[in-house]
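Engineer: First, the structure itself, so that you have it in front of you.
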Amino acid sequence: MVATNLKTNINSQKSSLKFTNLRALMLDYNLDCYFIPAVDEHLNLSVPEAKQRRAWISGFTGSAGDLLVNKNSASLFVDSRYYEQAELQVDTALIQISKLGLEGYLNLIETLEKLALDTAKNPTNLRLGFDPFTVAVEHFQVWANKFATIGIELVPIPDNLVDQVRSQSSETLPAIDESPIFSLPISLTGESAAQKLARVRESMQKANIDVLPITNLNQIAWLFNLRGSDIPHIPIFISYAIVTHDAAFLFTNLDRVSPEIHQDLQSCATLLPYLKYPETLQACVSQPRKTRILLDSKHTTAGTYQLIIDRQSATENNIQIVFKTNPIEEMKARKNPVEIEQMKSANFKASRAKTLTLKWLTEPLKNGKVLTEFDVKETIERFYQQETDFQTLTFRTIAGAGANSSIVHYGTPSPEITLKPGELLLLDSGAQYLGGTTDDTRTMIIGEPTALQIEHYTTVLIAHINCAMQQFPKGTTGAQLDAIARAVLWQEQLDYGHGTGHGVGAFLAGHEGPNGISKSVQYPLEPGMVTSIEPGYYQPGWGGIRIENLYVVIEMPSKNDTVWYGFESLTYIPFDKKLIDVDRLSKTQLAWLNNYHAAVLEKLGSAIDPATLEWLKTAVAPCIN
């Protein structure tokens, strides 16, 4: 039975009242529709409670998925990761669920086009309201180009309407920017803030850029070697930054900045209150000469774009906007040797914690003790916390048993759902350690597997191995490797809705760009980049399988004039051999598996207790076909 704990606790009557109050505000602004994304003012998918606007009004807690509210209905747009979760959490009497990618469901733009056609007989355009600080420039530009021809008028409203509705309730919202900010020493970062700023300015000079606004919190934290805890599970803090050729500004709540940090940064940056960002940005771009501003359309909000456009109108076109990837994004993605060592250290700790958890599972189950999803969650998190320099989790632990293992982002392990013989358990978790971020997934069988479970698990494992052992020439993109991973599943007419891999930060976000391994990523993988490899298969009601390691891209010995890259694992956790059909593995795949398991024993053998060591020796014993 699918867990009932995912079902929303929001009373339908209260939820209906929220929509009623929102529509009253929409009427005040003469809006036909209002757009409510999952993200906050810095385009974070993981957002503070006070900024969880879509979740507050809809009851849907997934990290992605946008809501469109019109005068009479509402639509929630979710991808395949959240099909099941949305059905469980949303009151479908109030909200229609649009399952993106499935035939018969419309996406956001198609829905708006249909609404515009339905109102085409009206003398006025369809008015779409939105908070410009919660929409990326790239999305805003697509909307502007698309909607201008079909009778949809964009109406930016900086005073977020959901916030206005929320302020009318008796709810007291927690502060979003009061957690202490702390600095990381160069022994963890490998580079000082001044050195990073010098590299950024060198890149700006090459591109003839005068002003670089930075709204992405991961980029700001990396640039200044600062961390915080404003965002759940990501050690970053609410802030803005601006870099010019001769100045750098950091905007945040100054009450939580220590004198030591002020002292450390005074030689390279000016600290200002968070609310000073708009006026400072407009001052920086208001120069008598022509000023070129770089905007990363993927990571910059339409709100920042509007601030510049407004100033451009006032300065008679002395401003030129250059749309280009922020140079910090690539610098952050290509870890330096110190960052790589920190990532190795953190992932060793996480690998030991998960291995201890897998061993812990065997004893009570063998003795007939009943365990729940919640027991698994509590145990892995306890082992994480016992490691030195533990800071927080990378995300909410996913421990899905049986049918719940098919819910890709099942983040609410239940104390009522037990681990039953013959069912799969999917454990996707990670921890943040000082200097490094971790993320890994293992799927295991409780008791003995069925032939179909072995078949599907082995297919997913082969997909993982094929991608992990693939060498590739310089310039290879994530989209190319994604196809290599999926090939074996496609041969079985199987697939998975998420990407094969995502970039991972160094004591930053569990998901970062520009690198990744998915159908849409056209950015090349380069040495120092860290990525997950995590193919899977999910069947509602039956269960799900995902196998995930983190890898760092390294340069390989070359037999010709071409530069070749490959992957070095950061994760060392055994796979469940009971689920592997060894006869389906090629000699090369089997060699990879046995070499990997030998490395697991070598890495962890001297760092675990004797009982776990004996269990591990059996778990990683060579497979023979």
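Engineer: Could you state the angle between the C-alpha long axis of helix 373-386 and the longest principal axis of the C-alpha atoms of the chain, as a value from 0 to 90 degrees rounded to the nearest 10?
Structural biologist: The angle comes out at about 80 degrees.
Engineer: Give the calculated FRET efficiency between Ala599 and Gln141 to the nearest 0.05, with a Förster radius of 51 Å applied to their Cβ-Cβ distance.
Structural biologist: Efficiency, from the Cβ-Cβ distance: 0.65.
Engineer: Could you tell me which trypsin sites (Lys or Arg not before Pro) in segment 421-508 are loop residues by DSSP with no more than 15 other beta carbons within 10 angstrom of their beta carbon?
Structural biologist: For trypsin sites (Lys or Arg not before Pro) across segment 421-508 that sit outside H, G, I, E and B with at most 15 neighbouring Cβ atoms in 10 Å, the list reads Lys474.
Engineer: Classify segment 432-516 as rounded, prolate or oblate from the Cα gyration tensor: take a ≥ b ≥ c as the square roots of its eigenvalues, call it rounded if a/c is under 1.5, otherwise prolate when a/b beats b/c and oblate if not.
Structural biologist: In terms of gyration-tensor shape, oblate.
Engineer: If you don't mind, another one. How long, wide and thick is segment 259-300, going by the Cα atoms along their three principal axes, in whole angstroms, largest first?
Structural biologist: That gives 36, 29, 19 Å along the principal axes, largest extent first.
Engineer: Additional query: I'd like the accessible area for Asp118: 1.4 Å probe, protein heavy atoms, all chains in place, Å² to the nearest 10.
Structural biologist: 100
Engineer: Can you list which of the GluC sites (Glu not before Pro) found in segment 164-250 are DSSP loop residues with at most 14 other C-beta atoms within 10 Å?
Structural biologist: Glu171, Glu178
Engineer: Students often get this wrong: which residues of segment 174-203 have the backbone nitrogen under 14 Å from the point 7 angstrom along Cα-to-C-beta of Lys276?
Structural biologist: none
Engineer: Something else now. Tell me, what is the FRET efficiency for Ala591 and Gln205 to the nearest 0.05, using R0 = 60 angstrom and their Cβ-Cβ distance as r?
Structural biologist: E between Ala591 and Gln205, to the nearest 0.05, is 0.80.
Engineer: Rounded if a/c is under 1.5, else prolate if a/b beats b/c, else oblate: with a ≥ b ≥ c from the C-alpha gyration tensor eigenvalues square-rooted, which is segment 283-343?
Structural biologist: Prolate.
Engineer: Something else: 7 Å from Cα along Cα→Cβ at both Val582 and Met556: what's the point-to-point distance in nm?
Structural biologist: 2.6
Engineer: How much net charge surrounds Glu526 when only the other residues with a Cβ under 10 Å from the Cβ of Glu526 are counted, with Lys and Arg +1 and Asp and Glu -1? Numbers along the way, then the final one.
Structural biologist: Numbers: positive: Arg334, Lys474; negative: Glu330, Glu555.
Neighbour charge sum, excluding Glu526 itself: 0.
Engineer: Gap in Å between the Cα centre of segment 258-309 and the Cα centre of segment 350-424?
Structural biologist: 44
Engineer: Right, another one. If you project the alpha carbons of segment 267-383 onto the principal axes, what extent comes out on each, in Å, largest first?
Structural biologist: Answer, in whole Å and largest first: 78, 33, 27 Å.
Engineer: Along the positive direction of the dipole of the chain (beta-carbon charges: Lys, Arg +1; Asp, Glu -1; about the Cα centre), which of Val47, Ile554, Phe19 reaches farthest?
Structural biologist: Ile554
Engineer: Could you pull the accessible area for Arg382 with a 1.4 Å probe, rounded to 10 Å²?
Structural biologist: 100
Engineer: Which aspartates and glutamates, on any chain, are close to Lys578 with Cα under 15 Å apart, when same-chain ones fewer than 8 places away are left out?
Structural biologist: Cross-link targets: Glu423, Glu448, Glu455.
Engineer: I want to check the label-to-label distance for Gln471 and Leu365. Put each point 7 Å from Cα in the C-beta direction and report it in nm to one decimal.
Structural biologist: Result for the modelled spin labels: 3.8 nm.
Engineer: Can you find, among Thr443, Gln453, Ser73, the residue sitting farthest towards the positive end of the charge dipole of the chain, where Lys and Arg contribute +1 and Asp and Glu -1 at Cβ?
Structural biologist: Gln453
Engineer: Provide the descending list of Cα extents for segment 62-172 along its principal axes, expressed in whole angstroms.
Structural biologist: Per principal axis, max minus min of the Cα coordinates gives 40, 39, 28 Å.
Engineer: Multiply the residue separation of Trp542 and Lys420 by 0.36 nm, subtract the distance between their alpha-carbon atoms, and state the gained length in nm to one decimal.
Structural biologist: 42.6 nm
Engineer: If you fit an axis through the alpha-carbon atoms of helix 451-468 and take the longest principal axis of the Cα set of the chain, what angle between them do you get, 0 to 90°, nearest 10?
Structural biologist: That works out to roughly 60 degrees.
Engineer: Sort 552-563, 130-141, 498-509 for me by packing, meaning the mean count of neighbouring Cβ atoms within 10 Å per residue, highest on top. Present the calculation step by step, with values, prior to reporting the outcome.
Structural biologist: Details: 552-563: 12.1, 130-141: 20.9, 498-509: 25.2.
Peptide ranking by packing, descending: 498-509, 130-141, 552-563.
Engineer: Pulled fully out, how much extra length does the chain show between Ala247 and Glu492, if you take 0.36 nm times their separation in residues and subtract their Cα-Cα distance?
Structural biologist: 82.5 nm is the gain from fully extending Ala247 to Glu492.
Engineer: When the helices in the chain are scored as -39500 (n - 2.57) per DSSP H run of 4 or longer and the sum is shared across all residues, what 222 nm value do you end up with, to the nearest 500 deg cm²/dmol?
Structural biologist: -11000 deg cm²/dmol
Engineer: Per residue, how large is the accessible surface of the chain? Use a 1.4 angstrom probe and give square angstrom.
Structural biologist: 41
Engineer: For segment 447-522, which GluC sites (Glu not before Pro) pass both filters: DSSP loop (anything but H, G, I, E, B) and at most 14 other C-beta atoms within 10 Å?
Structural biologist: Within segment 447-522, the qualifying GluC sites (Glu not before Pro) (loop, at most 14 other Cβ atoms within 10 Å) are Glu492.
Engineer: Let me ask another. Taking the alpha-carbon centroid of each part, what is the distance from segment 194-226 to segment 562-591 in angstrom?
Structural biologist: 39
Engineer: For Leu27 and Ile109, what is the calculated FRET efficiency with R₀ set at 30 Å and r taken between the beta-carbons, to the nearest 0.05?
Structural biologist: Details: r = 24 Å, r/R0 = 0.81.
According to the calculation, E is roughly 0.80.
Engineer: Just the number, please: carbon plus sulfur as a percent of the accessible area of segment 251-293, 1.4 Å probe, no ligands or DNA/RNA counted.
Structural biologist: That share works out to 52 percent.
Engineer: Going highest first, how would you order 71-81, 225-235 by mean Cβ packing within 10 Å?
Structural biologist: The densest-packed peptide leads the list: 225-235, 71-81.
Engineer: Another question, if that's okay. Give the Rg (one decimal place) followed by the Dmax (whole number) of the chain, computed from C-alpha coordinates and expressed in Å.
Structural biologist: 25.1, 79
Engineer: So how strong a dipole does segment 70-229 carry about its Cα centre when Lys and Arg Cβ are +1 and Asp and Glu Cβ are -1, to the nearest 20 debye? Spell out each step's value before the answer.
Structural biologist: Values: 13 positive and 19 negative charges, 86 e Å.
Dipole of segment 70-229, to the nearest 20 debye: 420 debye.
Engineer: Which length gain, in nm to one decimal place, applies between Ala621 and Gln266 when the Cα-Cα distance is subtracted from 0.36 nm times their residue separation?
Structural biologist: Stretched out fully, the Ala621 to Gln266 stretch lengthens by 122.2 nm.
Engineer: Continuing with the same structure: Consider a paramagnetic label point 7 Å from the Cα of Ser169 along Cα→Cβ; state which residues of segment 15-41 have an amide N under 11 Å from it.
Structural biologist: In segment 15-41, the label zone of Ser169 (backbone N under 11 Å from the point 7 Å along Cα→Cβ) covers 15-19.
Engineer: What pairs in Lys18/Lys71; Lys332/Lys559; Lys420/Lys603; Lys51/Lys344; Lys344/Lys519; Lys420/Lys587 have C-alpha atoms more than 23 Å from each other?
Structural biologist: Over 23 Å apart, Cα to Cα: Lys332/Lys559; Lys420/Lys603; Lys51/Lys344; Lys344/Lys519; Lys420/Lys587.
Engineer: Hey, any idea what % of segment 518-623's accessible area is carbon plus sulfur with a 1.4 Å probe?
Structural biologist: 54
Engineer: Could you check how much of the accessible area of segment 402-483 is carbon and sulfur, as a whole percent, using a 1.4 Å probe?
Structural biologist: Within segment 402-483, the accessible surface is 55 percent carbon and sulfur.
The values are calculated or read from the model by the stated rules, or taken from the named source; none is laboratory data. Bear in mind the structure is a predicted one, so any value in this text is a computation, not a measurement. Quick reminder, even Gly has a Cβ in these numbers, built from the backbone with ideal geometry, and neighbours come from all protein chains shown. Heads up: the accessible areas ignore ligands, DNA and RNA and are worked out on the full protein's heavy atoms, side chains in. Shrake-Rupley method; radii C 1.70, N 1.55, O 1.52, S 1.80 Å.
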